[in-house]
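Structure record follows, encoded as structure tokens.
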Amino acid sequence: MLSAVRNLIPGDVSSAMELSVAANWNQTSEDWCRIIKLSPEGCRCIEDDGKVVATATLLPYGTRLAWIGMVLTQPDYRRQGLARLLMEDAIAAAEHGGIHTLKLDATDEGRPLYEDLGFVVETRIERWGRDSGAPTPMKIDVDLQRDLSNELFALDAEAFGASRRRLLESLSNAGRRNVTSNGYVFSRSGREAQYLGPCVASSETEAKQLIAAHLGEAANVRGRWYWDLLPANTEAVQCAESFGFTRRRELWRMRRGTMMENNDAMVYAIAGFELG
């Protein structure tokens, strides 16, 4: 019997992973655990006989913005209104928390539901990929530091539109990172491919140096790579092309609530469809 909406807990991760695997998504169990830790009250699910069959996550960045992600339904339970129920739950929680703006990255399949719930398209977002065996940039020498400074957290907040310090601190410990005084790039392991992102930089030159150093250091990491970017930032597209990545799929960045001030021209790779 279907349960009421409840909080997703760490003990549900293996069941939640079955949903993301069925959807052919790249997230790992570590990704699920991370978002539950960052937003324990915002990760919600519906279960049937003790097994999670639908999920949605709400990750607040203060009260300025919250990100909705991991909207998943087990195939046998689709078209029963579970995604709508979880979305309405997330919207209500955001309104109760005084959050001004909600955002998400929608597939073509999910877009009609989100539009029906008051979301509007802001821009396109694209997944780019590079297959195993593609040439890897030579490692280059740049003046790298290993810790994120307060100045870089401020730079990221300017680019993203809200502070996401806790997320960046978590991601910086989850994989690899390269950092300069004017930008940073992270990567982490995924279920299907290594994931490049987030990357925020003050210029295309800075971003290229960071990513070249990052990929060069990862020359011994075999397999595919994913890189999610905003194609409106043509410099990010040029960077991806220069490193042998090609366009793989298109999604839609959508907003509900007030328009935010941010600077997509500084965003060379997002943190993930579920994170922003």
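Read the figures in this text as sums done on the coordinates, not as results from a lab. Owing to the predicted nature of the structure, the values given are computational and were not obtained by experimental measurement. Positions of Cβ are backbone-derived with ideal geometry, glycine not excepted, and every protein chain shown enters the neighbour counts.
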What trypsin sites (Lys or Arg not before Pro) in the range 179-230 are in a loop by DSSP, with at most 11 other Cβ atoms within 10 Å of the Cβ?
-> R222
The range 56-204 -> Rg/Rh from Cα coords, Kirkwood Rh, value 1.01
For the range 36-97, what Kirkwood radius comes out of the mean inverse Cα-Cα distance, in Å?
-> 12.0 Å
Treat the range 1-142 as a sphere of radius equal to its Kirkwood radius over Cα pairs and apply Stokes-Einstein at 10 °C in a medium of 1.306 mPa s; give the translational diffusion coefficient in µm²/s, rounded to a whole number.
-> 97 µm²/s
Could you work out the Rg to Rh ratio of the range 164-208, with Rh taken as the Kirkwood radius (inverse of the mean 1/r over all Cα pairs)?
-> 0.99
Dimensionless Rg/Rh of the range 173-276, both radii on Cα and Rh by Kirkwood, sits at 0.95
Would you please give the residues with an amide H less than 5 Å from that of T28, counting only those at least 5 places away or on a separate chain, with H modeled from the backbone geometry?
-> R191
Length-normalised contact order of the range 170-276, Cα under 8 Å, at least 6 apart, in percent, tallies to 29 percent
Once the Cα atoms of the chain are picked out, what are the Rg and Dmax in Å?
-> 18.2, 59
Per the helix-only model, the chain has a calculated mean residue ellipticity at 222 nm (DSSP H runs of ≥4, -39500 (n - 2.57) each, divided over all residues, rounded to the nearest 500) of -9000 deg cm²/dmol
